[in-house]
1. Can you give the calculated 222 nm mean residue ellipticity of chain B, where each DSSP H run of n ≥ 4 adds -39,500 (n - 2.57) and the sum is split over every residue, rounded to the nearest 500 deg cm²/dmol?
2. With heavy atoms of protein chains only and a 1.4 Å probe, what residues of the range A:370-389 have at least 30 Å² less accessible area in the full set of chains than alone?
3. Please work out the FRET efficiency for the pair A:Ala364 and B:Tyr468, using the Cβ-Cβ distance as r and a Förster radius of 45 Å; give the result to the nearest 0.05.
4. Can you sort B:Phe434, B:Phe141 by solvent-accessible area, 1.4 Å probe, largest first?
5. I need to check one value: relative contact order of chain B, counting alpha carbon pairs closer than 8 Å and at least 6 residues apart, in percent.
6. Can you sort B:Thr498, A:Thr357 by 1.4 Å-probe accessible area, starting with the largest?
7. Could you state how much accessible area B:Leu67 has, in square angstrom rounded to the nearest 10, with a 1.4 Å probe and all protein chains kept in place?
8. Please report, in cubic angstrom per residue, the volume enclosed by the convex hull of the alpha-carbon atoms of the protein assembly as shown.
Amino acid sequence: MGNFACVFHGESARFHHANKSTNERDQGQVARLGLIINPVAGLGGAMARKGSDEADIGARAAAEGRVSQAPMRAARALSAFRESCDAEVLAGPVLPDTGTVTPVGPDVLQGTAEDTKACVRAMAGQVDLILFAGGDGTARDICAANDTGIPILGIPSGVKMHSGVFARSPERAGRMTAAFLSDTRQRTEMVEILDLDEAARRAGRLSARLYTVARTPLDLAGARQNPKAGNTDPVGEMDAALAAYVAGMREDTLYVLGPGATMKALKDRLGGGSLLGVDVAEGGLVTGTDLDERALMARVAGRRVRIVLTVVGGQGFVLGRGNQQISPAVLRAAGMPPIDVICGAEKLAGLNPQELTIDTGDVALDGTLAGYWPVITGPGRRQVMRVVA
Amino acid sequence: MTAPIKDYLKRSNGYRAAKWSEPVVMEMTGSGRRGVVFEDAPAPDLPGKAARKTAPALPEITEHDALRHYLHLSQMTLGMMGISLFGTCTMKYNPRIGERASLDHLKGLHPLQEAETLQGVLEMYDKFSDFLCEVSGMDQFVFQAGGGADAAYTHACVTRAYHASRGELQQRDQIITTIQTHPCSPATANTAGFEVITLSLEENGYPSLEQLKSVVGPRTAALMVNNPDDMGIYNPDIKEWVRIVHEAGGLCFYDHANFNGVMTRLRARELGFDACMYMLHKTFGAPKGGGGPAVGAYGCAEHLVPFLPGPVVVKQGDGYALDTDRPQSIGRVREFMGNAPQVLKAYAWARAMGAEGLREAADISVLANNYMDKRLGEVKGVSRSNPGIDVPRMEMTRHSVEQVAQDTGCSIFDISMRMTDFGIDALWLSHEPFLVAEPFTPEAGELWSKEDIDYWIDVLEHVIGEAYSDPEIVKTAPHNAPIHQLTSALDEPGVWATTWRAYARKHLKSMAAE
Ligand SMILES: Cc1ncc(COP(=O)(O)O)c(C=O)c1O
């Protein structure tokens with residue numbers, strides 16, 4: 001298992017095998033949607049904070065002049081939703097950037113998880129589904145207040161998204177929501193709500209906890225992220241591949257190395273680096289560890305650059321999860337460098353659907369990066385994976 | 001087709017495999033026991049160093065002891081005795097006449113005889129090559145490779161020699177394959193020094209043309225694929241694939257191990273392929289044995305013939321000769337002429353079938369699989385790979401018991417072992433990596449009767465029912481087989497022994513010291 005531990009926590013008894021269920025809606029009953037937007041979601045990512053759960057993250061972000069992407073991503077989901085569904089939407093604690101909604105929740109925001117929980121309680125008995133913009137922490141907060149067991153679905157907007165409730169993009173979240181609300185059977189399934197321990201993560205340990213379970217729309221088309229987190233990383237198998245990679249590294253190139261166990265093994269071949277952070281290496285040595293977006297911008301300027309990444313968790317993400325420091329701005333500053341992905345074939349085989357995902361937050365950039373990427377799976381081996389936004 | 005066994009599951013009041021407490025033959029020895037004694041047998045006249053100084057340590061038993069011992073062992077074999085729908089292996093009956101023919105015609109020959117005295121064998125090789133050329137559209141077949149993987153390796157070597165002859169080997173260092181191609185293609189490509197680019201499956205059950213195009217280029221040496229793959233899906237774009245790879249200067253190799261469903265329905269050469277291979281020990285009715293002896297018949301078009309491993313059988317006047325003067329040949333991939341007895345058995349099978357027989361067998365195997373697919377679709381907890389794709393499956397289909405495993409905790413391994421309690425041979429699961437969870441891949445071919453297939457599915461259904469009602473019985477299976485679940489002894493090299501000497505060394509140290 002290596003250092004990626006997954007432990008049960010909280011209401012594990014509710015997680016049972018026969019977990020599919022159907023909620024027959026009466027004819028004539030009007031469907032309504034709840035929309036929760038966590039205003040501090042995702043702030044920690046570009047700040048290299050490994051999450052946004054620290055109580056003062058909002059204040060720190062404000063001091064750095066950063067704003068959350070959540071309201072904007074919620075607006076993207078809402079617009080996709082509106083293409084085929086005109087149901088009423090109750091939204092809080094903050095509102096999406098665009099789109100017609102009915103506000104709910106506290107009049108005065110405290111800037112804490114209490115705001116989210118108050119909105120969930122206000123939605124009880126009122127909505128068929130709660131769509132939320134946030135990450136694993138937001139999912140946990142919603143579950144804590146969701147006493148009536150309303151199904152939930154996540155618009156990916158956080159730093160950590162290991163839980164099984166996240167759609168693979170805001171647009172997919174919107175379309176899935178519309179399909180769910182118009183389906184008289186409203187089929188759901190149970191998925192795990194996982195979260196990384198942020199304190200442990202900042203200290204360099206990767207530890208995913210299973211906090212609880214939640215109902216989420218049954219995903220027949222693979223629109224949600226693969227909820228498998230923390231499979232063993234076959235670092236041993238990859239050893240020869242990493243050795244070959246190191247042997248082929250160029251003296252004149254700055255390598256930006258992403259987080260993850262495979263990357264850690266690569267960094268160890270280059271003198272050692274961080275498990276969860278983004279490091280840089282040149283001349284066969286790691287020369288900067290755990291860099292944030294701004295530090296990366298400074299390092300890549302004027303250099304010949306290659307980005308080296310692995311697939312994050314069991315979710316098929318290569319860019320935009322756990323490595324948000326490698327932001328659109330960094331990629332542009334580096335002159336849109338080539339990206340090498342190193343990942344074991346077994347891990348790729350576990351992806352359903354068989355594709356990798358990028359979500360840098362910049363739709364146009366995601367579009368340019370999408371396509372077929374040959375992933376290094378072993379010495380002398382590459383597997384082509386479709387990469388989608 | 002095999003004979004019907006009506007309502008076997010209903011009538012069966014419990015299958016029990018024989019379970020003899022059979023000693024190892026070495027332990028049965030009793031001083032002075034022996035079989036027929038020939039008093040006046042001449043002592044062999046051996047050159048000095050070849051003659052033993054001491055008698056070999058053989059057991060002393062009677063002829064009757066020996067017969068009874070091996071009969072008991074044969075009753076306790078763990079497979080090939082029940083219904084075996086072992087997918088990707090095209091299980092066939094191996095006609096006894098083939099055994100007889102190879103005994104009668106080959107046992108008195110030696111491969112080092114002069115070619116003039118091997119005319120019958122050479123003629124058989126030549127005629128079989130012609131037969132397979134007709135089937136595939138290729139120009140020459142060779143039978144040297146000792147199996148499918150060996151034939152794939154032959155192709156990787158031919159690819160190397162071909163590009164080297166054109167001065168392009170430095171540049172062309174990549175071989176393209178797909179994730180559902182048998183692992184022997186990427187493995188042999190790597191062994192021959194190429195980098196392997198594996199394409200992933202997409203919505204239609206095979207990689208898209210765009211994906212292929214994204215990797216084809218000046219570095220492309222060859223494409224190595226099978227079609228249909230072992231999920232049973234035929235890639236209809238294959239001609240276009242071949243065109244794209246040819247346009248870039250690469251060769252195309254068709255792993256035709258899954259040939260059974262398309263025999264006489266398509267020719268590899270007509271699809272544009274430069275080379276292909278057939279498995280004589282699968283499709284062409286020769287026995288598989290316990291992992292050998294096998295033959296991968298490798299065929300290619302004219303432009304690759306100079307690179308074939310030699311010697312190659314050629315017509316010469318009224319007879320046949322072995323052509324050894326082949327300067328561009330890759331050399332040998334196996335000694336002598338490969339497994340000649342297997343070639344003879346396959347040739348006998350192919351001639352007995354004829355073109356019409358092959359076609360009928362192909363059609364029956366596709367029909368049988370689609371019948372199975374339909375019935376399996378009605379079994380609780382069984383799903384099939386690529387459920388959203390409704391293209392017809394060919395001669396096999398990959399299925400999954402993921403739902404059963406989720407609901408009951410019984411894995412496909414448990415279910416497979418429990419099925420052996422009903423006289424069903426262990427299932428074929430999937431090549432690795434598993435793209436489908438809890439997979440199994442049955443292939444009925446043209447051999448098994450509808451009743452056998454029904455019985456097989458009845459047993460699966462029954463065992464899945466047990467998984468839901470009494471999972472323990474499934475998890476602790478087999479109960480009626482000659483042996484039960486293995487202990488961890490197989491993980492301990494100090495314990496297991498596959499030869500008497502190893503057993504003596506590991507367990508009877510005192511004996512070994514003597
Ligand atoms: C499609 C395919 N190709 C190649 C092989 C390898 O053949 P062999 O086991 O004779 O080496 C197999 C064996 O299962 C196969 O199914």
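The values are calculated or read from the model by the stated rules, or taken from the named source; none is laboratory data. This structure is a prediction, so every number in the text was calculated from the model and none was measured. Cβ placement follows ideal geometry from the backbone for every residue including glycine, while neighbour counts extend to all protein chains displayed. These accessible areas exclude ligands, DNA and RNA; they are computed on the full protein's heavy atoms, side chains included. Shrake-Rupley method; radii C 1.70, N 1.55, O 1.52, S 1.80 Å.
1. Using -39500 (n - 2.57) per qualifying helix, the result is -11000 deg cm²/dmol.
2. The answer is A:Tyr372, A:Gly380, A:Arg381, A:Arg382, A:Gln383, A:Val384, A:Arg386.
3. Taking R0 as 45 Å, the efficiency between A:Ala364 and B:Tyr468 is 0.30.
4. So, going from the largest accessible area down, we get B:Phe434, B:Phe141.
5. Averaging sequence separation for qualifying contacts and normalising by length gives 20 percent for chain B.
6. These residues rank, largest area first, as B:Thr498, A:Thr357.
7. 120 Å²
8. Convex hull volume per residue, Cα atoms: 219 Å³.
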